[in-house]
1. Pull out all pairs, ordered by first then second residue, where Cβ-Cβ is under 6 Å, the residues are six or more apart or on different chains, the first lies in segment 1-25 and is open to solvent by less than 60 Å² (accessible area, probe 1.4 Å), and the second is among the hydroxyl-bearing types (Ser, Thr, Tyr) and assigned to a strand (DSSP E or B).
2. List the residue pairs whose Cβ atoms are under 8 Å apart, where the first residue sits in segment 43-62 and is within 15 Å of Ser80 (Cβ to Cβ), the second is modelled with pLDDT of 90 or more and among the hydroxyl-bearing types (Ser, Thr, Tyr), and the two are 6 or more positions apart or on different chains.
3. May I ask you to say which residue of Ala84, Ala93 is open to solvent by 10 Å² or more (accessible area, probe 1.4 Å), of a type in the set (Gly, Ala, Ser) and within 20 Å of Leu134 (Cβ to Cβ)?
4. Within segment 134-148, is even one residue touching a helix residue (DSSP H, G or I) at 6+ places or on another chain (Cβ under 9 Å), surrounded by fewer than 16 Cβ atoms within 10 Å (Cβ to Cβ) and farther than 21 Å from Asp14 by Cβ?
5. Give the number of residues within segment 75-96 that are over 16 Å from Met37 (Cβ atoms) and among the polar types (S, T, N, Q).
6. Return only the number of the condition from (1) over 15 Å from the mean Cα position of the chain (by Cα); (2) not in a loop (DSSP other than H, G, I, E, B) that Leu114 does not satisfy.
7. For segment 171-180, check the following and say yes or no: at least one residue is of a type in the set (Ser, Thr, Tyr) and open to solvent by less than 10 Å² (accessible area, probe 1.4 Å).
8. Scan segment 162-187 residue by residue and report those that are assigned to a loop (DSSP other than H, G, I, E, B), under 16 Å from the mean Cα position of the chain (by Cα) and more than 16 Å from Tyr128 (Cβ to Cβ).
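The values are calculated or read from the model by the stated rules, or taken from the named source; none is laboratory data. Note that the structure is predicted; figures quoted are calculated from it, not measured. Virtual Cβ from ideal backbone geometry, glycine too; neighbours counted across all protein chains shown. Remember, those area values only see protein heavy atoms, side chains included, never the ligands or the DNA or RNA. Shrake-Rupley method; radii C 1.70, N 1.55, O 1.52, S 1.80 Å.
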Amino acid sequence: MNNIIISPSILSADFSNLERDIKKVEPYVPWIHIDVMDGHFVPNITIGVPVVESIRKVTKLFLDTHLMIDNPYSFIDIFSSIGADLITFHYEAALDKTLQTIEKIKNNNKKAGLSIKPDTKVDEIEQYINEVDLILIMTVEPGFGGQKFIESQLSKIEKIKKIAPPNLIIQVDGGINNKTAKLCINKGANSLVSGSYIYKSANIKQAIEALS
């Protein structure tokens, strides 16, 4: 798979059959992407602590947990305690607590990720790139699955790649399919989040393979 980490987003799974849909992708990927939304930072409410805790019980996949919530600092301990392996939070939600939030994740012995929305410039987070394990570039406005890929965000991937330490994971989320995946990889992305494209495909294995 060319060392590209594919992280299927369960936002596009059937929530009434979540374990089943996780098992559908489990043989083909190392990670699963969990979008936690609070209805404040983004205009949608998805899942919270009890569901993440339940997911941890049914899979050994690496839990790539994306907090799209206000005041992420206050929720790091609880998400760490229920089994998240990587906790990614939004720079726009943390702002003056960005560094403290990163430190709190690391103090819980978890991987730390920092995400930016389409309107946020790379310059704003450059100072944190050496502090985190992952940078997540959103190529749609966060909140809902199935949106169209914003091509103008590709330049951010390229810019981060130029200044990133060699072990940084550059992840892209939003409108990822077999075509947009190649665009992101060509710019330097090494992790892709995909929901609709994977879960709505006739052959999940082939869809995942086509992404890398």
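1. Ile5/Ser191
2. Within 8 Å, the pairs are Val52/Thr65.
3. Details: Ala84 fails: open to solvent by 10 Å² or more (accessible area, probe 1.4 Å).
Of Ala84, Ala93, the one residue that is open to solvent by 10 Å² or more (accessible area, probe 1.4 Å), of a type in the set (Gly, Ala, Ser) and within 20 Å of Leu134 (Cβ to Cβ) is Ala93.
4. No, every residue in segment 134-148 fails to be touching a helix residue (DSSP H, G or I) at 6+ places or on another chain (Cβ under 9 Å), surrounded by fewer than 16 Cβ atoms within 10 Å (Cβ to Cβ) and farther than 21 Å from Asp14 by Cβ.
5. Looking only at that region, the number is 2.
6. That leaves (1) as the condition not met.
7. Within segment 171-180, the subset of a type in the set (Ser, Thr, Tyr) is 180.
With the extra rule that they be open to solvent by less than 10 Å² (accessible area, probe 1.4 Å), the set shrinks to none.
No, that holds for no residue.
8. Within segment 162-187, Gly174, Gly175, Ile176, Asn177 qualify.
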